[in-house]
Each structure stands twice: as structure tokens, then as C-alpha cells.
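Notes follow the structure.
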Amino acid sequence: MDHGDPIYYELFGISWLHVNLSNIMMLTISAVIVFSLCYFSARKISMKPTGMQNVFEWLVDFIKGIINSTMDWKTGERFFGLGITIFLFILVANLIGIPFMIVSEPAHDVWWKSPTADPIITMTFAVMVIVLTHYYGMTMKGPKEYGKGFLRPKAFLLPLNIIEEFANTLTLGMRLFGNLYAKEILLALLAGAGGAWGLSTLFATAPMVAWQAFSIFLATIQAFIFLMLTMVYMAHKVSDDH
Amino acid sequence: MPEVITWGDTIFAILTFAILLALLRKYAWGPVFNMMKEREEHIANEIETAEKNRQEAETYLEQQRQEVENARAEAREIVENSRKSGENQREDIVKQAHEEANRLKEDARLEIKREKDQAINEVRDQVATLSVLIASKVIDQQLDEQEQEQLIENYLKEVGEEL
């Protein structure tokens, strides 16, 4: 069970720039899958929607609904691209690790896995989202209003408000990572048990199927939660109604 | 877990995300968004047009109904008129016929009267003439009373035959 990571140390000779090649590969594959799906869904769009266009439009409405539930559409329209990209990217990244796992021999490096099962990726997305909320909060409401936001509802809550920002970042990233990591670990364990031949294969198959089914649910719900929280944090920063 | 923080992943993840965002906007949800908006407008337009058409149709229907009502009333009027004029004509004709008949009857009556008067006058003239004639003959012949009587009788018979 002690799988390693295919890390390439000191990229371009920069001392701190290490790269996990597995993450690079899986992120690229996820992005390509997302883009291909969307591209082919939206390739032949017409006034009368058919086939994949319906699915895509349903997705658009779904994202729209989530944004609408947190802020009014006039404010929220600009976040639609962010929302749909976050949702699809994380959803595919979550799902991609479910069917199988590729481990290199003899180094025991994991190549094929969910990139979101790595904290560095989830934290990257989380920090990116929080930074974006601050950016939009500042540009849309002005620096003064943005600064005042930290003094609400009472001035003495300023430390708590600041801590909240870090807590939000951490929980946003760690929630996704924790879920996906647990998913990967359990899948790897079950696969290991099944791979050990003999009777264990028989016993491991049923829980494996069950866990994979649950993983699909989990992957979807986590992507949804990430999107939802992104929009909630965004609304908290850009809306005027509190 | 890797023992170092792989910052390269961070940079790559953000880059990938940004590129994916841009690509999706250009190729996927951008066009779909536009299409959905366009469709929304189209549907709104269609609804508006349908509503307008419906109202127009209703107006037309109302007009047509009015027209039919008018036509019906007109037809009724025409029939009524012709019936009335027929009635009038009939009365006129009957009255005329009556008048004509009366006139003819009157004419005939007058003619008869005139004829009768003429005849009587004629008779009267002839009686006078005959009387003169008889008187002259009586004077001429100087007949006895018996013959004279017979003669008068003969003449009278003659007159009677002539009349």
C-alpha cells in the first residue's frame, strides 16, 4: 500500500519547483475530457435542441440555478464560466480515478488516479476560488466597501472574519481532498484484496462494486458542493444585501 | 503523500483551469448561451406574434359575425319589402280592375241609355211623320169611317213593322 508519486524534482533547475507528473497527466486528461465533451455537445447547436445539446443546456440551466440561488443573475452572470468550469473539471477529475488505477513497477508510483485526491490540487483550486472572491469583492464593490465587509456585523469580529477566510479556504480544499483521498485509498485497498487471488477475490468483488457506485455519487456530490460553496463565498463578497 | 510541496502542480493546475475556462467559453457555453438567449427572444417573439394573431383573428371574427348579421338583416328587409310591394301591387291591380269594370259598366249603361233615348226620339219623329202622312192620306182619299179605320190600322201595323 505504500504507493509513491512520480515526482520530478527541480524543474528547469529551479530549486523549489517540483512537479508531480501524475497530477500533470491527470489534470491534462481531465481537461481534455471536459473540453471534448463540451465541444462535441455544443458543436452543432441549433434553435431546436437535439441530443447532447439538450444535456448541455440542462447543465447550463443547472449551473445557472445554483448561481441564482446564491445571488441575483445580474451579478452572477459573470461567474457562470467559472462555475461551469469548476463543476465539470472537478467532476471529471473526481470520476477519472474510479474505474482503475495505474501503478508503475517497480517504483510503485501511482500514475492514474484522481488528481483531486492530492491536497496540493484541491488547495490550489480552493485558494484560487477564495482569491477570486476577494478580487471580485474588491473590484465590484470598491476597496472601501470590501474593507468594511470585514467589520460586519460588528467591528470587534474582525479577527474572526479574517480567520474565517483562511478556514473557508482550508475547509473548501480539504473537504474535497479528504473525500477523494478516502475514495482512492479504499479503492486501492479493495483492489489489493481482490488482486491477492484465492477466496479474497470473491469477497472483494461485491464491496468493490458497491464502493465504486458510491464513489460516483461521492464524486458528483463533492463537485456540486465545491461549486455551491464557491458561489456562496462569491455571493458573500459581491452581494450588497447584508 | 509526496514529501515536498509540488508547486509545479499548482502552477499547472491554475494554467489548465484558465485555459479550460477560456476554451469552454469560446467553444461550449458561449455559443450555447447565445443560442439559449436567442431562443428565449425567439419564443418571446413567437408568443407575442401568436397573441397578436389571435387578437387579429378575434377582431376579424367579430367583423365577420357583424357582416353576416348585417347581411341577414338586409335579406330580411329585402324579402319584407318585396312582400309588401307585391301586396301593394296586388291591391293596386285589384282596385284598378274594379275601377275598370265599374267604368265599363257605367259606359255601357250610358250607351244603352243614349241609344234608348235616340231610339225613342227616332220613334217619336217617325210617329210624327207618319201621323202627318196618315193625316194627309186620310185627307186625300176621304174614306169612310170603316176604311179609314182600316187604313190607320194598316199604317200603324206598317209603322209597327218598321220600328
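Descriptive notes on the structure:
- Lone unmet requirement of (1) in a helix (DSSP H, G or I); (2) within 11 Å of chain A (Cβ to nearest Cβ) for B:E48: (2)
- Qualifying residue in the stretch A:68-83 (condition: facing chain B (nearest Cβ under 10 Å), among the basic types (K, R) and over 15 Å from A:A42 (Cα atoms)): no
- Selected residue [under 14 Å from the mean Cα position of the chain (by Cα), in a helix (DSSP H, G or I) and among the β-branched types (V, I, T)] from A:I185, A:I221: A:I221
- Residue match in the stretch A:52-64 (condition: touching a helix residue (DSSP H, G or I) at 6+ places or on another chain (Cβ under 9 Å) and more than 14 Å from every other protein chain (Cβ to nearest Cβ)): no
- Residue within the stretch A:162-173 that is at pLDDT below 85, within 23 Å of A:M234 (Cβ to Cβ), surrounded by 15 or more Cβ atoms within 10 Å (Cβ to Cβ) and not polar (S, T, N, Q) present: no
- Check on A:V34, surrounded by 20 or more Cβ atoms within 10 Å (Cβ to Cβ) and either over 30 Å from A:T133 (Cα atoms) or of a type in the set (A, V, I, L, M) (or both): yes
- Selected residue [modelled with pLDDT under 95 and either farther than 30 Å from A:S30 by Cβ or within 9 Å of chain A (Cβ to nearest Cβ) (or both)] from B:V68, B:V32: B:V32
- Number of the condition not met by A:I225 [criteria: (1) modelled with pLDDT of 80 or more; (2) farther than 30 Å from A:D61 by Cα; (3) touching a helix residue (DSSP H, G or I) at 6+ places or on another chain (Cβ under 9 Å); (4) hydrophobic (A, V, I, L, M, F, W, C)]: (2)
The values are calculated or read from the model by the stated rules, or taken from the named source; none is laboratory data. Everything quoted here is computed from the prediction, not taken from an experiment. We place every Cβ from the backbone using ideal geometry, glycine too, and count neighbours over all the protein chains shown.
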